[in-house]
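Shown next, in structure tokens, is the structure this report addresses.
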Amino acid sequence: MDDDYDMPTPHEHALEEAAERGSDSLAQKVALMTAILSTLGALINYQSGNAQTEAMFLKNESILKQAQASDQWAYYQAKSTKAHIADAAAAMATVPAVQARFIDERNKENRERGEVQRAAAQLEAASRRLALESDAKLRPHERLALALSCVQIAVALAAITVLTRRRWLLWGTGCAALVGIGAAASAFFMSW
């Protein structure tokens with residue numbers, strides 16, 4: 001009868017216990033640090049994506065307002081052209097009733113042109129305001145992207161630390177993590 005049990009010798013058992021005790025402390029610390037950094041990285045990634053999405057939405061709204069303003073300026077030009085044509089027709093008209101009708105038409109076009117001009121100016125102002133808001137939302141995103149990169153570098157260095165068992169790599173892990181946390185904090189305060 002062939003037994004599938006592998007009975008470790010006392011020496012093998014002692015070696016396994018020593019290896020577990022020696023690396024357990026470092027591995028546990030690095031695993032905890034990695035879990036914290038991964039959670040922090042996920043939060044930073046969420047905030048970065050949220051800031052980018054808001055900035056893109058505002059930029060799209062700005063572009064839409066600018067297109068509407070452009071349409072209003074084209075309408076303004078049409079009103080101006082119609083007023084000039086009515087003015088020219090009034091100047092060439094010899095019958096006073098026809099001349100009065102063209103003058104009324106010119107005055108109506110001039111009034112409407114002023115309203116269209118105000119609407120176009122308001123749309124342009126709204127477009128500029130939305131573009132500035134978009135730029136303001138994008139600035140924290142850039143810092144958050146830097147923070148996420150630093151946190152990811154820290155996680156990679158932590159993994160290398162466990163694999164190589166070089167404790168000095170923890171300094172690199174800590175430095176990269178601190179830079180990432182600092183960049184995330186500055187982005188947070190920048191958005192306020």
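The values are calculated or read from the model by the stated rules, or taken from the named source; none is laboratory data. What you see is a predicted model, and the numbers here were worked out from it, not measured in a lab. Cβ atoms come from the backbone with ideal geometry, glycine included; neighbour counts cover every protein chain shown. The protein model used for the area step is the full one, side chains on, heavy atoms only, and it has no ligands, DNA or RNA in it. Shrake-Rupley method; radii C 1.70, N 1.55, O 1.52, S 1.80 Å.
Residue check: is S134 of a type outside the set (A, V, I, L, M, F, W, C), modelled with pLDDT of 90 or more, part of a helix (DSSP H, G or I) and in contact with a helix residue (DSSP H, G or I) (Cβ under 6 Å, 6 or more places away or on another chain)? Yes: the conditions hold for S134.
The residues of the range 85-114 that are surrounded by fewer than 13 Cβ atoms within 10 Å (Cβ to Cβ), under 27 Å from Q68 (Cβ atoms) and of a type outside the set (G, A, S) amount to a single one, R111.
Pairing each residue of the range 179-190 that is under 12 Å from R139 (Cα atoms) and aromatic (F, W, Y) with any residue that is at pLDDT below 90 and buried (at least 21 other Cβ atoms within 10 Å of the Cβ), provided the two are 6+ apart or on different chains, yields no C-beta distance under 6 Å. Counting only residues that are open to solvent by 80 Å² or more (accessible area, probe 1.4 Å) and among the β-branched types (V, I, T), how many does the range 115-132 have? So the count comes out to 0. Checked against the criterion of being touching a Phe, Trp or Tyr at 6+ places or on another chain (Cβ under 6 Å), open to solvent by 70 Å² or more (accessible area, probe 1.4 Å) and not small (G, A, S), the range 133-154 contains not a single residue that satisfies it. Does any residue of the range 31-41 turn out to be among the hydrophobic types (A, V, I, L, M, F, W, C), closer than 22 Å to E142 by Cβ and modelled with pLDDT of 90 or more? Yes; the residues of the range 31-41 include at least one that is among the hydrophobic types (A, V, I, L, M, F, W, C), closer than 22 Å to E142 by Cβ and modelled with pLDDT of 90 or more. A Cβ distance below 8 Å, combined with a sequence gap of six or more or placement on separate chains, defines the contacts here; from the range 149-161, residues that are assigned to a helix (DSSP H, G or I) reach residues that are surrounded by fewer than 23 Cβ atoms within 10 Å (Cβ to Cβ) and of a type in the set (K, R) in the pairs I160/R166; T161/R167.
Would you mention how many residues in the range 90-132 are over 43 Å from the mean Cα position of the chain (by Cα), of a type in the set (K, R) and more than 16 Å from K79 (Cα to Cα)? Qualifying residue count for the region: 1. Screening D2, D87, D6 for residues that are at pLDDT 80 or above and over 46 Å from the mean Cα position of the chain (by Cα) leaves exactly one candidate, D87.
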